[in-house]
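The values are calculated or read from the model by the stated rules, or taken from the named source; none is laboratory data. In this text the structure is predicted, and so the values were computed from the model without any measurement. In this analysis, Cβ positions are derived from the backbone assuming ideal geometry, glycine residues included, and neighbour counts consider all displayed protein chains.
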């Protein structure tokens, strides 16, 4: 069982991830993956499996943070359930396919993908780039197709797809506050299906560690989830009070730091 110092560190990470989840409608996985990779590696997890365990654990934690974020956003009437219903089937399909493939990928390749993904997100958010909004109806087929793409990329990078989802919805002329709330709801099925996938694909890979189920580190999951559930509503409250552009620039800097951290871990 991890020592008290590790549990305290997990709680701090959970609070940070939970605040981000509520603030921008994100799952918080982007915050957790690089830090958990370093922690698990220090604790003795093999280099070949450390990124897989970090990804799986992050997705499991996202279930709680996303659920808490959705509850808070729903109370503020900031979730468009028609959009959520349209995108969720594609997201679930994309998540399942990706988790099965990820188990066969080298940890170095997954870490590199994560680092590049977060770097692109950082540049996009810092420059505040987004396509010109377009007025058009959103068909079920269009939403489902977008869901497959977002679910696949998000599961591989262990993020709830918030960056991609919000950008897509704003492009389809959805109000930013509604896009953030809907993004939080869409991140939930990614987290659930991704967690199940990583648990199944890693079931026989981590049998020697009694505290790891599949690619899910149970002590880290419990501590991080507890803290994130408590702090997430605070992030939601801030998201409805502070300027969105300011928040995006702050998170862009955080994303760039996380990208560099993951790249350094590969050296």
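Things to note:
- Residue 2 vs. criteria more than 30 Å from residue 237 (Cβ to Cβ) and either modelled with pLDDT under 85 or crowded, with 19+ Cβ neighbours inside 10 Å (or both): yes
- Remark: residue 111 falls outside the filter, which requires a residue to be surrounded by 24 or more Cβ atoms within 10 Å (Cβ to Cβ), in contact with a helix residue (DSSP H, G or I) (Cβ under 8 Å, 6 or more places away or on another chain), closer than 26 Å to residue 9 by Cβ and modelled with pLDDT under 80.
- Selection from the stretch 187-204 of residues that are out of contact with any strand residue (DSSP E or B) (no Cβ under 9 Å at 6 or more places or on another chain) and surrounded by fewer than 21 Cβ atoms within 10 Å (Cβ to Cβ): 192, 196, 200, 201, 204
- Here the condition is being farther than 22 Å from residue 199 by Cβ, over 19 Å from the mean Cα position of the chain (by Cα) and surrounded by fewer than 24 Cβ atoms within 10 Å (Cβ to Cβ); of 38, 75, it holds for 75 alone.
- Picking from residues in the stretch 183-223 that are in a strand (DSSP E or B) and under 30 Å from residue 166 (Cα atoms), the one that is nearest to the chain's Cα centre (by Cα) is 216.
- Condition check for residue 106: surrounded by fewer than 18 Cβ atoms within 10 Å (Cβ to Cβ), under 20 Å from residue 229 (Cα atoms) and modelled with pLDDT under 85: no
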